[in-house]
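Chemist: Questions regarding the structure given below will be posed in turn.
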Amino acid sequence: MTFKLFRTILCVLSVFIVVVNHVDGEDKETYQGKYLGKINSYHHQVSGDIYAVDEYTFLLKSFNYDGNGADTFFWAGAANRPGPQGFIVPDEYGKTNVLERYFNKDFTLTLPDNKKITEIKWLAIYDLASQNAFGDVYIPEEFEPPTAQKISTLTGHSHDVECESIEIVDAKTIRITQFTYNGEGKDTYFWVGLGPQPSSKGIRVPDEYGYLDPLRAYNKEDIKLELPGKWTIFDIDWFSIFDIETKENYGSVIIPDGLNVPPSLVKVIPHITGFPNCFQLHKDLQVGWEIFGPQITIQLAGQVAVDEYMAFGLSAAENKSEMIGADVAVAYIDGYLGYATDYNITAKAPCGKVLGQYKGVCKDDVVGGIDNNQLHTASRENGINTITYRRTLISSDSGDKEYPTEGSSYVVWAIGRLSHNKEPMFHDVYPKGNVKLEFNRKETESNCFEFTRAQENLRKEENQIFDRTIRTFTATLGPSGGKRGYQGITGMTSTGLVWYINGYLIPELWLRRGLTYAFKVYGGNNPHSAETYHPFIITDEPHGGFDRLNEEAQKRVRVLAGVEFTRRGQPRPTATGPLCISRHSGRDRRLDDDFPTFKKFNRSLVYTCEEGEPATLEVTPNTTWPDVVYYNSYTHSNMGWKIHIVDNFVTGTTKRLRLDWRVQTVSLNFTSGRYQRNQNVLPGYHRST
């Protein structure tokens, strides 16, 4: 019986057994690459194992060297045996220093100058002073190092599924080029499993963004998928676009045996929930639960940053996942303390007063309710926050939803960053589709898998308006631009909307003392709106949201423009104008980081403007103004950025504004309220030459 046939027989087992065995069973050795052998040890206690990771890279496992050589290096060459004819291989830090002591260490070495493993015959620990090899390993003749492998393309069956090519990048990564799917399946996912052909006994593969939602439509897109948890390309027989509800295979490909691919650089972080039920909401978030008596105990486990929260709760609607009106717990860890606070959501905005009533994402006890969540445990380990809390199935708080003991319930969830005062801000990760769970299942079920972590490098793009001829600035609203936008520029979380000044996303401004400048403000003038009422202010602190501060906190802020005080000392905003706003045009805002430049990002937005003249805020910076002040919103925090106040514009040291930040601008007809796209100027904005 062949191994392939044996695995085929195993596929008749349930998917639950497959997953549990994979997670908890077989402690099989992790694939490290192509094994070259043990190091031949001659002197100085050199030992270890060496693998070829790819064409250019070695992995040294459990490497030892006593560090007593006089002039010792990692050394490689093409001669028949190690000798003076060779070259230094930089150490694990890319340095060419004399080697120090190593004790049972794992690390990689990369050959210099794009040299390939196939171009050398050996790798040695070599002492140039004595011309002795302390240890070495030889490269076999006709050696083929691991490389990315192209396999067969998708065999399309329906729903327009097709692609140009499929490449196995490494042991956990599949790259699909020019992928197309019409998005009309009922409950369709990327799907992998065992057996001769795709079947319902498989597991979901997160999409290119880590989501486990039913697949969206794709139109000739290049995507890269990471197999979940511990799963590798050697553990599966096929890859499919599969509909769970109809059990239809829309397109698939067989994974060949014995692929000589590089090992994955993704780190697998084990996490085992102690709950009988567990559901993977996202590759970075899972929820476990158990009902006992009149209570439900819930555990949220998420791979989040120290300043991020996890939110989970019952949907506002009974027939779909709806955020507005939802009853959620916001869970996070602050230092050594954990929190699972009960929140009520009435608007997609931070909690604040609107005409005397609190609206937005507000704690239950702020809006007259009761915090019914009881924190049980909270811990952070290996970058994973695990928070367990309890609440009653039926709450005495009229604002809370009831956890049903029969049937399924729609839920909502999100991951986002906390503000400087530990309040949840606009979420970065959240589902677009419906999520339904059955809390009181007759048979327990778990589809959770281990967390994985890959290095993420997001480009931070900043901008400045440094032009001595500009005296008028136009302030409109627009989206924050994902992690590369407001968050990447300022290092702070965002409410979702930010200021666009003269068409640029939160640029740093440069103003000269003694000159008068005018800000034309289009931030919304409807105080009934919790989301789009943003008077423009300038203060000496970076956050804004002056209206949300208590009296003592307001006294610590110096307001430089945009606020006047009544005879009773009550603040009142002065720069409120009609709403000019840019919005996503049917595109998923979770994909904002995909745009290569902000110019292309801004061109994807649609701009609209209300009728009416803008509010004009005139400022004349003087010697009492600090060198750095901040423009922001009066009602919400974290919407603006820096204004540099200078005595002179120094020629030759300016940081000019890059043109690739210019947004697609609009020409507005204020008498009709209509707008026209692809014009040259924003309202009130006159370009300088």
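The values are calculated or read from the model by the stated rules, or taken from the named source; none is laboratory data. Keep in mind that what you see is a predicted model, and the values were worked out from it rather than measured. As a convention, Cβ positions derive from the backbone with ideal geometry for all residues, glycine included, and neighbour counts pool all protein chains shown. Please note that ligands, DNA and RNA were not included when accessible areas were found on the heavy atoms of the full protein model with its side chains. Shrake-Rupley method; radii C 1.70, N 1.55, O 1.52, S 1.80 Å.
Chemist: Accessible area per residue of the range 141-282 at 1.4 Å probe, in Å²? Don't skip to the answer; put the middle values down first.
Modeler: Values: 5970 Å² over 142 residues.
Ligands and nucleic acids excluded, the figure is 42 Å² per residue.
Chemist: Rounded to the nearest 20 debye, what is the charge dipole size of the chain about its Cα centre when +1 sits on each Lys and Arg Cβ and -1 on each Asp and Glu Cβ?
Modeler: Values: 73 positive and 85 negative charges, 473 e Å.
Roughly 2260 debye for the chain.
Chemist: Gain in length, D71 to Y56, computed as 0.36 nm per residue apart minus the alpha-carbon separation, to one decimal in nm?
Modeler: Once the chain is fully extended between D71 and Y56, it gains 2.9 nm.
Chemist: What aspartates and glutamates could a cross-link reach from K320, if we take a straight Cα to Cα line under 19 Å and drop same-chain neighbours fewer than 8 places away?
Modeler: List returned: E184, D187, D213, E245, D400, E402, E406, E438, D588.
Chemist: Right, another one. Suppose all protein chains stay in the model; what accessible area per residue would a 1.4 Å probe give for the range 497-590, in Å²?
Modeler: Values: 4050 Å² over 94 residues.
Here the residues of the range 497-590 average 43 Å² of exposed surface.
Chemist: For the range 74-142, state which trypsin sites (Lys or Arg not before Pro) are in a DSSP loop and have at most 10 other beta carbons lying within 10 Å of their beta carbon. Present the calculation step by step, with values, prior to reporting the outcome.
Modeler: Working: sites: K95, R101, K105, K115, K116, K121; in loops: K95, R101, K115, K116, K121.
Within the range 74-142, the qualifying trypsin sites (Lys or Arg not before Pro) (loop, at most 10 other Cβ atoms within 10 Å) are K95.
Chemist: Using a probe of 1.4 angstrom, how much of the accessible area of the range 261-341 is carbon and sulfur, in percent? List each step's numbers first, then the result.
Modeler: Numbers: 1830 of 3180 Å².
Carbon-and-sulfur percentage of accessible area, whole number: 57.
Chemist: Just checking my list (1) 29.7, 92; (2) 27.6, 114; (3) 28.8, 108 against Rg and Dmax of the Cα atoms in Å computed from this structure; which label fits?
Modeler: (1)
Chemist: Here's something else I'd like to know. Want the number for R216 to D334: 0.36 nm per residue separation, take away the alpha-carbon distance, what's left?
Modeler: Details: separation 118, 0.36 × 118 = 42.48 nm, distance 3.60 nm.
Length difference between fully extended and current span is 38.9 nm.
Chemist: Then there is this: Sort the range 36-131 into rounded, prolate or oblate with this rule: let a ≥ b ≥ c be the square roots of the eigenvalues of the Cα gyration tensor; rounded if a/c is under 1.5, and if a/c is not under 1.5, prolate when a/b is larger than b/c, oblate otherwise.
Modeler: Details: a/c = 1.41, a/b = 1.14, b/c = 1.24.
Rounded shape, in that the Cα axes give a/c under 1.5.
Chemist: With a cut-off of 8 Å between alpha carbons and a minimum separation of six or more residues, what is the relative contact order of the chain in percent? Could the numbers behind the result be given before it?
Modeler: On the way: 1729 pairs, mean separation 59.2, N = 689.
Normalised by residue count, the contact order of the chain is 9 percent.
Chemist: Tell me the carbon and sulfur percent of the accessible area for the range 26-73, rounded to whole percent, probe radius 1.4 Å. Before the final figure, lay out each step's value.
Modeler: Numbers: 1060 of 2440 Å².
About 43 percent, which is the carbon plus sulfur part of the accessible surface.
Chemist: Continuing with this model, one more query. Rounded, prolate or oblate, given the Cα gyration tensor of the range 308-410, with a/c below 1.5 counting as rounded? Could the numbers behind the result be given before it?
Modeler: Working: a/c = 1.68, a/b = 1.20, b/c = 1.41.
Since a/c reaches 1.5 but b/c is at least a/b, the shape of the range 308-410 is classed as oblate.
Chemist: Rounded if a/c is under 1.5, else prolate if a/b is larger than b/c, else oblate: which is the range 496-579, with a ≥ b ≥ c the root eigenvalues of its Cα gyration tensor? Before the final figure, lay out the partial values.
Modeler: Values: a/c = 1.59, a/b = 1.16, b/c = 1.37.
Since a/c reaches 1.5 but b/c is at least a/b, the shape of the range 496-579 is classed as oblate.
Chemist: Continuing with the same structure: Tell me the relative contact order for the range 297-449 as a rounded percent, counting alpha carbon contacts under 8 Å between residues six or more apart. Show your work: numbers first, answer last.
Modeler: Working: 353 pairs, mean separation 39.6, N = 153.
For the range 297-449, the relative contact order is 26 percent.
Chemist: Would you mind computing, in nm to one decimal, how far apart the modelled labels at T177 and R441 are, each placed 7 Å from Cα along Cα→Cβ?
Modeler: Inter-label distance under the simple model: 4.0 nm.
Chemist: Another question, if that's okay. Rounded to the nearest 20 debye, what is the charge dipole size of the range 316-471 about its Cα centre when +1 sits on each Lys and Arg Cβ and -1 on each Asp and Glu Cβ? All intermediate terms of the calculation are to be shown ahead of the outcome.
Modeler: On the way: 20 positive and 23 negative charges, 122 e Å.
So the magnitude is around 580 debye.
Chemist: Something else: Check which residues have an amide H placed less than 5 Å from T474's amide H, if you skip close sequence neighbours.
Modeler: N502, K520
Chemist: What full-extension length gain, to one decimal in nm, is calculated for K483 and K320 as 0.36 nm per residue of separation minus the Cα-Cα distance? Don't jump to the answer; show the numbers that get you there.
Modeler: On the way: separation 163, 0.36 × 163 = 58.68 nm, distance 2.81 nm.
Contour length minus the Cα-Cα distance gives 55.9 nm.
Chemist: OK, next. Looking at this model, which pairs from K483/K600; K432/K642; K283/K599; K359/K436; K115/K267; K186/K230 are more than 22 angstrom apart at the alpha-carbon? List each step's numbers first, then the result.
Modeler: On the way: K483/K600 16 Å; K432/K642 34 Å; K283/K599 30 Å; K359/K436 27 Å; K115/K267 27 Å; K186/K230 28 Å.
Listed pairs above 22 Å: K432/K642; K283/K599; K359/K436; K115/K267; K186/K230.
Chemist: Could you state the accessible area per residue of the range 599-654 in Å², with a 1.4 Å probe and every protein chain left in place? Please report the intermediate quantities before stating the final value.
Modeler: Working: 2490 Å² over 56 residues.
Solvent-accessible surface per residue comes out at 44 Å².
Chemist: Now a separate question. Leaving out ligands, DNA and RNA but keeping every protein chain, what accessible area does V161 have, in Å² rounded to the nearest 10, with a 1.4 Å probe?
Modeler: 10
Chemist: Find the relative contact order for the range 418-547 and round it to a whole percent, using C-alpha pairs within less than 8 Å whose residues are 6+ positions apart.
Modeler: Working: 138 pairs, mean separation 29.8, N = 130.
So the answer I get is 23 percent.
Chemist: While we're on this one: Pop a pseudo-label 7 angstrom from the Cα along the beta-carbon direction at both E611 and R556 and give the gap in nm to one decimal.
Modeler: Those two pseudo-labels are separated by 4.5 nm.
Chemist: Of all DSSP beta bridges located in the chain, what percent are antiparallel, nearest 5? Can you show the working numbers first?
Modeler: On the way: 165 of 178 bridges.
Around 95 percent of the beta bridges assigned by DSSP in the chain are antiparallel ones.
Chemist: Mind putting a number on the dipole of the range 140-209 about its Cα centre? Charges go on the C-beta only, +1 for Lys and Arg and -1 for Asp and Glu, and I need it in Debye to the nearest 20. Intermediate values should be presented prior to the final figure.
Modeler: Working: 6 positive and 12 negative charges, 81 e Å.
Dipole magnitude for the range 140-209 comes out near 380 debye.
Chemist: Could I ask something else about it? Kindly express, to the nearest 10 degrees and within the range 0 to 90, the angle between helix 15-24's C-alpha long axis and the longest C-alpha principal axis of the chain.
Modeler: Long axis of 15-24 versus the principal axis of the chain: about 80 degrees.
Chemist: In nm, give the distance between the simple-model label positions of Y42 and K105, each being 7 Å from the Cα along the Cα-to-Cβ direction.
Modeler: Distance between label points: 2.2 nm.
Chemist: Please report the carbon-and-sulfur percent of the accessible area for the range 136-230; probe 1.4 Å, protein heavy atoms only, DNA, RNA and ligands left out. All intermediate terms of the calculation are to be shown ahead of the outcome.
Modeler: On the way: 1740 of 4190 Å².
Of all accessible area on the range 136-230, carbon and sulfur atoms account for 42 percent.
Chemist: What's the center-to-center distance, using Cα atoms, between the range 351-369 and the range 86-151 in Å?
Modeler: 62
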